[in-house]
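Enquirer: Quick one: structure below, then a few questions.
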Amino acid sequence: MKLIRQGKVKDVYEVDAHTLEFVFSDKISVFDKIIQSLIPHKGETLCRSSAFWFQVARASGIKTHFRELIPPNRMRVQKVQVLEYSKINKKANNYLIPVEVICRHYVAGSLWDRVHAGEVKPAKLGFKASKEVKYGDKLPEPFIEMTTKLEKVDRLLTKKEAVKISGLTDAEYKSIVDSALAIDDRIAEEVEKRDLIHVDGKKEYAFDEDRELMIVDTFGTADEDRWWDWESYSKGQFVELSKENVRQYYRQLGYYDKLAEARKMGKGEPKIPSLPESKIKEVSELYIDMFERITGESYR
């Protein structure tokens, strides 16, 4: 097999002209920075969680690129082209749609940062204009955003921008949104059985050879999505059961503020510190526990 891309978390190999193989590593990254610490069992839990959701999507009539799980941490999928913006149009096919679809169901993460800063008003989220929005509030309806996928740093897109760079018709844009919402309905239905709240998550799509929409890459894992414990949430506590746990560690450490300032000023970015052994053990256990709570399957 030929290595064609080495990502922050998984490596991508070309098996043949129509097939790729994902190899999920134990690497971890936050804020677009790879941490020089490996998290035991992380790659396997992400791979198996992804395979679980692809099978759920397929059973729900949603087309996917998933072909085969190769235990413990490999997955084979249908290959699509990665095209430059200039080569994407409404007649192209078999290509990765260069946007990430973010579905938010609660006020958290970067959405909360923008709400808190006054950049996103309550009415835009479906609340009354006079409402004081708080962290953890359940949104009246899902809030959909799209960001770039293939650029160095993700940036938010308007619908007009997303349609333009992706070569989408309005109907195809709506189909992507409808698909993402349908998947999130199934995710929420499934994980509620194990007292999990699906807070938000991101998804990626592609067109096949017949320009039929299919969900690709990975979704519904402890990396791509945010999860809270229902019992804790009902008591007003927000226990982060995802990679957000690691992001919060670096926020509390003060690293994120230094990184954000460097990026804002266009200066050299500070190196991200490694995780201490105690944190590595905690995060490894978190990924194993979340695999079991997300899928209902035993890790061993």
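Rule-based calculations on the coordinates, nothing more; no lab input. A quick note: this is a predicted structure, and the numbers were derived from the prediction, not measured. A quick note on method: Cβ atoms are made from the backbone with ideal geometry, for glycine too, and the neighbour counts reach across all protein chains shown.
Enquirer: By a straight-distance test (C-alpha under 15 Å), which aspartates and glutamates pair with Lys152 as possible cross-link partners, with residues fewer than eight away in the same chain excluded?
Expert: Asp32, Glu84, Glu100, Glu269
Enquirer: Using a ≥ b ≥ c from the Cα gyration tensor of region 95-146 (square roots of the eigenvalues), is it rounded, prolate or oblate, where a/c under 1.5 gives rounded and otherwise the larger of a/b and b/c decides, a/b for prolate? Show your work: numbers first, answer last.
Expert: Numbers: a/c = 2.30, a/b = 2.02, b/c = 1.14.
Cα axes put region 95-146 in the prolate bin.
Enquirer: Amide H to amide H, which residues 5 or more places from Ile97 or on other chains are under 5 Å from it, using H placed in the peptide plane?
Expert: Residues meeting the amide H criterion: Tyr205, Ala206, Phe207.
Enquirer: Provide the packing ranking of 103-110, 221-228, i.e. peptides ordered by the mean count of other C-beta atoms within 10 Å per residue, highest first.
Expert: Values: 103-110: 20.2, 221-228: 24.5.
Packing proxy ranking, top to bottom: 221-228, 103-110.
Enquirer: Which whole-number percent is the relative contact order of region 60-191 (Cα, under 8 Å, 6+ apart)?
Expert: Values: 139 pairs, mean separation 31.6, N = 132.
So the answer I get is 24 percent.
Enquirer: Right, next: Starting at the first residue of region 132-142, write each ³J(HN,Hα) from the Karplus equation 6.51 cos²θ - 1.76 cosθ + 1.60 with θ = phi - 60°, in whole Hz, x for Gly and Pro.
Expert: Working through the residues one at a time gives 8, 6, 10, 4, x, 4, 6, 6, x, 8, x Hz.
Enquirer: Counting pairs of alpha carbon atoms under 8 Å apart in space and at least six apart in sequence, what relative contact order in percent does region 81-267 give?
Expert: On the way: 255 pairs, mean separation 42.0, N = 187.
Answer for region 81-267 is 22 percent.
Enquirer: Here is a follow-up. Which of the pairs Lys164/Lys279; Lys128/Lys174; Lys164/Lys258 have their Cα atoms more than 31 Å apart in this structure? Before the final figure, lay out each step's value.
Expert: On the way: Lys164/Lys279 43 Å; Lys128/Lys174 26 Å; Lys164/Lys258 35 Å.
Checking Cα-Cα distances, Lys164/Lys279; Lys164/Lys258 exceed 31 Å.
Enquirer: Under a Cβ-Cβ cut-off of 15 Å, what is the net charge of the residues other than Gly268 that fall near it, where Lys and Arg count +1 and Asp and Glu count -1?
Expert: Once all neighbours under 15 Å are counted, the net charge is +3.
Enquirer: Sequence-distant or interchain residues sharing an amide H contact under 5 Å with Lys79, placed H: which?
Expert: Answer set, sorted by chain and number: Thr19, Leu20.
Enquirer: Here is a further query. Shape verdict for region 163-300, please, from the Cα gyration tensor: rounded (a/c under 1.5), prolate (a/b greater than b/c) or oblate. Can you show the working numbers first?
Expert: Values: a/c = 2.12, a/b = 1.21, b/c = 1.75.
Verdict is oblate for region 163-300.
Enquirer: Is the shape of the chain rounded, prolate or oblate, going by the alpha carbon gyration tensor and its root eigenvalues a ≥ b ≥ c, with a/c under 1.5 for rounded and a/b larger than b/c for prolate?
Expert: Cα axes put the chain in the rounded bin.
Enquirer: Per residue of region 47-59, what does 6.51 cos²θ - 1.76 cosθ + 1.60 with θ = phi - 60° give for ³J(HN,Hα)? Whole Hz please, x for Gly and Pro, Karplus curve as stated.
Expert: 4, 5, 5, 4, 4, 4, 6, 4, 5, 5, 4, 4, 5
Enquirer: Within 10 Å of each residue's Cβ, count the other Cβ atoms and sort Val9, Val177, Val153 from fewest upward.
Expert: Values: Val9 21, Val177 16, Val153 8.
With the sparsest Cβ surroundings first, the list reads Val153, Val177, Val9.
Enquirer: Neighbour counts of other C-beta atoms within 10 Å: give me Asp16, Asp289 arranged from fewest to most.
Expert: On the way: Asp16 9, Asp289 14.
So the residues, fewest neighbours to most, are Asp16, Asp289.
Enquirer: To continue, here is another question. Among Val101, Val120, Val12, determine the one that fluctuates most according to a GNM of the chain built with springs between C-alpha atoms less than 10 Å apart.
Expert: Ranking Val101, Val120, Val12 by mean-square fluctuation puts Val120 first.
Enquirer: Under the Karplus relation 6.51 cos²θ - 1.76 cosθ + 1.60, θ = phi - 60°, what is the ordered set of whole-Hz ³J(HN,Hα) values for region 187-204, x standing for Gly and Pro?
Expert: So the J values, rounded to whole Hz, are 4, 4, 4, 6, 7, 4, 4, 10, 6, 10, 10, 8, 7, 6, x, 10, 9, 10.
Enquirer: 5 Å is the cut-off here: which amide hydrogens, built 1.01 Å from N in the peptide plane, fall below it relative to Gly167, excluding neighbours closer than 5 in sequence?
Expert: Result for Gly167 returns nothing.
Enquirer: Right, next: Among Asn89, Asn245, Asn73, which one shows the highest mean-square fluctuation when the chain is modelled as a Gaussian network with alpha-carbon springs under 10 Å?
Expert: Of Asn89, Asn245, Asn73, the Gaussian network model singles out Asn89 as fluctuating most.
Enquirer: Of Tyr135, Tyr256, how do they rank once you tally other Cβ atoms within 10 Å and put the fewest first? It would help to have the intermediate numbers written out before the result.
Expert: Numbers: Tyr135 14, Tyr256 18.
Lowest count first: Tyr135, Tyr256.
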